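Structure first, commentary second.
The values are calculated or read from the model by the stated rules, or taken from the named source; none is laboratory data. As the structure is a computational prediction, the values presented were derived from the model and not from experiment. Every residue, glycine as well, gets a Cβ built from its backbone with ideal geometry; the counts of neighbours run over all protein chains shown. Side chains are part of the model used for accessible areas, which takes the heavy atoms of the whole protein and leaves out ligands, DNA and RNA. Shrake-Rupley method; radii C 1.70, N 1.55, O 1.52, S 1.80 Å.
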Amino acid sequence: MRLRLVLPRSRGRAGLRSLRRASPLAAFALLAVLAQLAALSLAGCGGSRASKTTGVSYAPTLPAPAPRGPAFGLTEDNADLLWSPGASPSSASASAFEAARQRLTALHPRYVRLLVDWAALQPEADRAPSLQGPVDGCARSVGPCAPYAGLREELAAIASQQRAAAAEGRPGYEVVLDVFGTPAWAARPASGCELGATLAFSRPINAAGVAGYRALVRSLLALGASSGVALRWWSPWNEPNDPVFLSPQRPACTPAAPSLAPAVYAQLAQAMAGELSAEGGVHHLLLGELNAFATDSPHRTSVAAFVAALPASVVCLSDTWSIHAYASRTRASSGPDPVAMLAAALDARGACGARASIWITEAGAGARHPGRPRPPGAEDAHAGCLALAAQLDRWAADPRVRAVLQYSFREDPAFPVGLLSADLAHVYPAYRLWLRYARASAQGRPVPAQAALCA
C-alpha cells in the first residue's frame, strides 16, 4: 500500500505540524500514555479489575516517563557492531565484536546515522549502486575485521535491534542516511578556486549525475522496503560548505566571490525531495549537515552565508536542520557557538527557518583540536569528556535542539573522536558520559553533573 508523503514543511493544520515536529521519543511516550488511559477506561474507576474467569486482579501499570533532553544517536556503519547481541549470523565476528556490540546496544541510541559513500557504491555509471557489496569490517585497515554485506547487512542488523526493542517495549533505532561522494562519471570538470589534489569525489554533479543521484535514492528506498526497515530521515549531502565534500566553493580565490555551494546543494535537496515525494510514505529531509564555519574563506562557506544564499523553496523543504559541533579546547573554541550560528541564520530566513529545530549530527571529544591524534594518557581523554559534557549541558537546556549524535561509536582513525578505540580494546570516558546521559534521559531524570558523567 502506498502511504501519503508527509514532508515536515507541509502547510497542513497547525496541530499536525506540531505533531510532526515532536521528537520520535515524545511520540512514543504519548502512545504509551494513550494505551494506559485505554486500559484504565476498560477497568472502570476502581483502578484494577478482577477476571471473571480466574479471579486474578490486574493493576494498571504507570506509563513510561517522558524522555528528557535531546534524543541521543550515533554514527556507526559497521554491521558487526549494529547487530543485536547474539543475533549476528557471522561466527567470525562473534568473539571479536560481541563485547563492543553489547556496549553499543546498552546506549539504546534513538538514531543511527549511516554514511552513504556514493562514489564507492557506484564507480561505474552502467552498474547499479552496490548496496550489498562486501565490506572488510576494519576501521581503515585497523582490526578486528570481519566482512559483511554492505548497507544491506547494516539494515538487517538494525532490524534485529528494532525487534529486540519492540519485545522490550521501548523505541527502536531510527535510521538517518547521509549521502556524500561524487563518482567520477557523475562529476563536473575542475573549475573555480580548488585546493591542490582535489578529486572528482568532491566536485558537483553533472546532468548524468543528477539522474544517477535520483536512482541512488530510489535504490535505497527499495533496500529499506526489502529489509523491513523504515528509512524516514534523509540528508542530501554531507558538509556541503566544506571543500572536502563540495569543491569548488567559489569561482575565484577570494572570500568576496559568491559561494557556489548553496546552488549545488539546492539541486541535490530538490532531487532527493522529489524522489521521496514520488515514493510516498513518511520521509523527512535533514537539511544542512554543515561544518561549523563561522567565517568565509576562498575555500569554505560560513554557516550564515550558506543558509542566506539558499532558495526560499529549499529552506522550506524541512523543519529540521543539522550542524556538526565537536568539543574543542583550543582558543578558537571560544568563538561563536555552532548551534547559535545556525539558529541565527535560520531565523534570518523568515517563518520557515524560524520554526526549524536543530540536530547536532556530529559531536564528540578527542584531542584539544578535534580530529587530530589523541595524546597518550587518561588525563586528556577525561578533559575532552568534560568539554563534551559542557556542550551537552547547553544543548539540553535549548528547546530547539532535538537530537545529538556522537561521531562515531568505533573510532575513525582519520578523525579520532570515537567512544571505543579503533581496535575496540579501549573505552574512552565519553562512552560513560553518553551511557549515563541516555539512561537519565530515557527515565525522565535530570542529567547528572559533568564530573559524574565522565567519572
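Annotations for the structure displayed:
- Neighbours by Cβ (under 7 Å, 6+ apart or cross-chain): first from the stretch 169-197, within 22 Å of A269 (Cβ to Cβ) and assigned to a strand (DSSP E or B); second modelled with pLDDT under 95 and open to solvent by less than 30 Å² (accessible area, probe 1.4 Å): E174/P24
- Inside the stretch 240-264, residues that are open to solvent by 10 Å² or more (accessible area, probe 1.4 Å), closer than 23 Å to R113 by Cβ and either more than 28 Å from the chain's Cα centre (by Cα) or free of Cβ contacts under 8 Å to residues at least 60 places away in the same chain (or both) make up a count of 3.
- Filtering P375, P370, P416, P399 for residues that are crowded, with 21+ Cβ neighbours inside 10 Å and without any contact (Cβ under 8 Å) to a residue 60 or more places away in the chain leaves a single hit, P370.
- Qualifying residue in the stretch 89-112 (condition: among the polar types (S, T, N, Q), farther than 30 Å from L246 by Cβ, modelled with pLDDT of 95 or more and open to solvent by 30 Å² or more (accessible area, probe 1.4 Å)): yes
- W237 within 30 Å of R368 (Cα to Cα) and either open to solvent by 50 Å² or more (accessible area, probe 1.4 Å) or not β-branched (V, I, T) (or both): yes
- Scanning the stretch 216-234 for residues that are open to solvent by 20 Å² or more (accessible area, probe 1.4 Å) and touching a strand residue (DSSP E or B) at 6+ places or on another chain (Cβ under 9 Å) turns up A230, R232, W233.
- Given (1) in contact with a helix residue (DSSP H, G or I) (Cβ under 7 Å, 6 or more places away or on another chain); (2) closer than 30 Å to L317 by Cα, number of the condition T361 does not satisfy: (1)
- Test for S328: is it open to solvent by 30 Å² or more (accessible area, probe 1.4 Å), closer than 24 Å to A430 by Cβ and of a type in the set (S, T, N, Q): yes
- Residue match in the stretch 374-386 (condition: touching a Phe, Trp or Tyr at 6+ places or on another chain (Cβ under 8 Å) and closer than 28 Å to D296 by Cβ): no
- Given (1) modelled with pLDDT under 95; (2) over 16 Å from V229 (Cα atoms); (3) touching a Pro at 6+ places or on another chain (Cβ under 8 Å), number of the condition A125 does not satisfy: (1)
- One residue stands out among those in the stretch 105-131 that are over 21 Å from the mean Cα position of the chain (by Cα) and without any contact (Cβ under 8 Å) to a residue 60 or more places away in the chain: the one that is nearest to P85 (Cα to Cα), which is S130.
- V417 being within 27 Å of M341 (Cα to Cα), part of a loop (DSSP other than H, G, I, E, B), in contact with a strand residue (DSSP E or B) (Cβ under 8 Å, 6 or more places away or on another chain) and modelled with pLDDT of 95 or more: yes
- Taking the criterion of being assigned to a loop (DSSP other than H, G, I, E, B) and in contact with a strand residue (DSSP E or B) (Cβ under 7 Å, 6 or more places away or on another chain), the only residue of the stretch 123-139 that qualifies is G137.
- Applying a threshold of 8 Å to beta carbon distances and a minimum spacing of six or more residues, or different chains, the list of pairs starting in the stretch 307-318 at a residue that is free of Cβ contacts under 8 Å to residues at least 40 places away in the same chain and ending at one that is in a helix (DSSP H, G or I) reads V315/V307; V315/L346; V315/C352; V315/G353.
- Scanning the stretch 425-440 for residues that are touching a Lys or Arg at 6+ places or on another chain (Cβ under 9 Å) and surrounded by fewer than 23 Cβ atoms within 10 Å (Cβ to Cβ) turns up V427, Y431, L435, A438, R439, A440.
- Looking at S227, S219, S202, just one residue is within 23 Å of the chain's Cα centre (by Cα) and under 30 Å from A442 (Cα atoms), and that residue is S227.
- Test result for D296, open to solvent by 10 Å² or more (accessible area, probe 1.4 Å) and within 22 Å of A200 (Cα to Cα): no
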